[in-house]
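First the structure, in the form of structure tokens, and then the observations on it.
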Amino acid sequence: MLFGKTLIAASLLSAAAAFAPSSSTHRAVVARGVAGLRSTVADETSPAPAAVSDAASDRDILVRSARGEITERTPVWLMRQAGRYMSAFRQYSDKYPFRERSETPSMAIELSLQCHRAYGMDGIIMFSDILTPLPTLGIEFDVVKGIGPVISTEITNEEDVAKLRNVEDVDFDETLPFIREILGSLSKEAEEANTSLIGFVGSPFTLAAYTIEGKSSKHCLDTKKMMMADDAGESKAMTTFLDKIATMIGNYACHQIDCGAQVIQVFESWAHQLSPAQFEQFGKPAAKKAIAIIKEKHPDVPVIYFANGGSAYLELQRDMGCDMIAVDWSVDIGEARKILGPEIPISGNIDPTILFGTKEQIEKAVRDCIDKAGGPGNRHLLNLGHGVMQGTPEEAVGWLVDECKRYKGKDA
């Protein structure tokens, strides 16, 4: 199993490690000023490791945690950390359409970096979208303000799937030339900032469902009809489509790694549309195929799998073949650890609405999440259980990140 390695060396962490005074709050305040100028579970018998302050180790602390290693403290990044809650971000989103922002290297790089300059998360994630690679197969889309993604290419049967481009012929440098420039520049920025670079892809089912529905869908009915036809043996369009996307997505993630990404998160954003049986029959095999492609070519690059709305079938995610499982906010992270098992590293899962609370409420939510996940640095990567919401107070994000970096455990 590719999940977290058993680390005998964990016992060597000294409980008497000295702590340097925390300066994260001061750094965050200074960084926010700079940003404004520049943007015109482990099992219960194992004790949590002692945290130590070592700036040099911050460079890869997120990577090591995602691999399943014990770390000096719990690292943190946030889904949608580059987003419209930031006034600096809105200076771009209010003026330029989404694809122009995400496919113009200078803008995508700036939007990726703004949040890290301001808050110092343990990772920079490329500003992009899970739909970005779809045109490599001949699937056209746009992101319409106020509506969301709109996909014009119709997939309704096996003939439609057969008309798509051959996945083996895809050249990402030719079809998505901006990706190499964006990630190459961000890789250098991450090294200079002493942090990690995160890449990401959409999971095959989510991309297939988006395409079949043509836009965001409440019931995903056309997709489910195709799944039922597939299950009845009437059409193999769904299985064939998922297989094609899985290969493309696996290759696309490898391309991101070749361009500089150090971690890959696979987003099953529409996991809530799948019953456990449907996940096991359709969503899971396709996601596992994509992950297997990544791990075969880049075995040392950690892969995180996040099924948003998939907490109802966490037990089915134990053998995804990835290195870490991210969970949404609808499940208690302590219970999630019990379901997944102590050997599986976990990411998550603070409710994003907590960021609309007081500083004390936010800091308590951080401590509670870390404690329930096994204590600071115990194969847990702190994140929200979904993305940062539009309207979130900017200072709230700083409070969350600072408290995560500061927290040494209940007994410290």
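The values are calculated or read from the model by the stated rules, or taken from the named source; none is laboratory data. Computed from a prediction, not measured in an experiment: that's the story for all the values here. Note that each Cβ is placed from the backbone with ideal geometry, even for glycine, and that neighbours are counted across all protein chains shown. Side chains are part of the model used for accessible areas, which takes the heavy atoms of the whole protein and leaves out ligands, DNA and RNA. Shrake-Rupley method; radii C 1.70, N 1.55, O 1.52, S 1.80 Å.
Looking only at the stretch 208-261, count how many residues are basic (K, R), closer than 16 Å to L164 by Cβ and in a loop (DSSP other than H, G, I, E, B).
Residues of the stretch 208-261 that are basic (K, R), as a first pass: 215, 218, 224-225, 236, 244.
Next, from what is left, pick out any that are closer than 16 Å to L164 by Cβ: 236, 244.
Now narrow it down to the ones that are in a loop (DSSP other than H, G, I, E, B): 236.
Going through the stretch 208-261 one residue at a time, the tally reaches 1.
Inside the stretch 351-364, can you point out the residues that are out of contact with any Ser or Thr (no Cβ under 9 Å at 6 or more places or on another chain), assigned to a loop (DSSP other than H, G, I, E, B) and either within 15 Å of L384 (Cβ to Cβ) or at pLDDT below 95 (or both)?
Listed by number, the list holds a single entry, G357.
Could you grab me the full set of residues in the stretch 311-350 that are at pLDDT 95 or above, open to solvent by 20 Å² or more (accessible area, probe 1.4 Å) and hydrophobic (A, V, I, L, M, F, W, C)?
If the condition is that a residue be at pLDDT 95 or above, open to solvent by 20 Å² or more (accessible area, probe 1.4 Å) and hydrophobic (A, V, I, L, M, F, W, C), then L316, W329, V331, I339 are the ones that fit.
Every residue in the stretch 365-408 that is open to solvent by less than 30 Å² (accessible area, probe 1.4 Å) and in a helix (DSSP H, G or I), please.
A365, V366, C369, I370, A396, V397, G398, L400, V401, D402, E403, C404 - these are the residues of the stretch 365-408 that are open to solvent by less than 30 Å² (accessible area, probe 1.4 Å) and in a helix (DSSP H, G or I).
I'm trying to understand the selection: among the residues of the stretch 253-285, which are of a type in the set (S, T, Y) and under 19 Å from the mean Cα position of the chain (by Cα)? Working first, answer last.
Start the filter on the stretch 253-285 by keeping residues that are of a type in the set (S, T, Y), which leaves 269, 275.
The one that is of a type in the set (S, T, Y) and under 19 Å from the mean Cα position of the chain (by Cα): S269.
Given the conditions (1) surrounded by fewer than 20 Cβ atoms within 10 Å (Cβ to Cβ); (2) under 23 Å from A286 (Cα atoms); (3) not β-branched (V, I, T), report the number of the one that G199 does not fulfil.
Of (1) surrounded by fewer than 20 Cβ atoms within 10 Å (Cβ to Cβ); (2) under 23 Å from A286 (Cα atoms); (3) not β-branched (V, I, T), only one is false for G199: (1).
Filter the stretch 178-196 down to the residues that are in contact with an Asp or Glu (Cβ under 7 Å, 6 or more places away or on another chain) and open to solvent by 20 Å² or more (accessible area, probe 1.4 Å) and list them by number.
So in the stretch 178-196, the residues in contact with an Asp or Glu (Cβ under 7 Å, 6 or more places away or on another chain) come out as 178, 180, 194-196.
F178, R180, N194, listed by residue number.
Take the residues of the stretch 269-310 that are among the acidic types (D, E) and more than 21 Å from R379 (Cβ to Cβ): which is most open to solvent (accessible area, probe 1.4 Å)?
First, the residues of the stretch 269-310 that are among the acidic types (D, E): 280, 296, 300.
Retained after the next criterion (residues that are more than 21 Å from R379 (Cβ to Cβ)): 280, 296.
On the way: E280: 101, E296: 156 Å².
Step by step, filter the stretch 269-310, then rank; the result is E296.
Exactly one condition in (1) more than 28 Å from W270 (Cβ to Cβ); (2) in contact with a Pro (Cβ under 7 Å, 6 or more places away or on another chain) is not met by V388; state its number.
Condition not satisfied by V388: (1).
From D58, D43, grab the single residue that is surrounded by 13 or more Cβ atoms within 10 Å (Cβ to Cβ) and either modelled with pLDDT under 95 or in a loop (DSSP other than H, G, I, E, B) (or both).
On the way: D43 fails: surrounded by 13 or more Cβ atoms within 10 Å (Cβ to Cβ).
The match here is D58.
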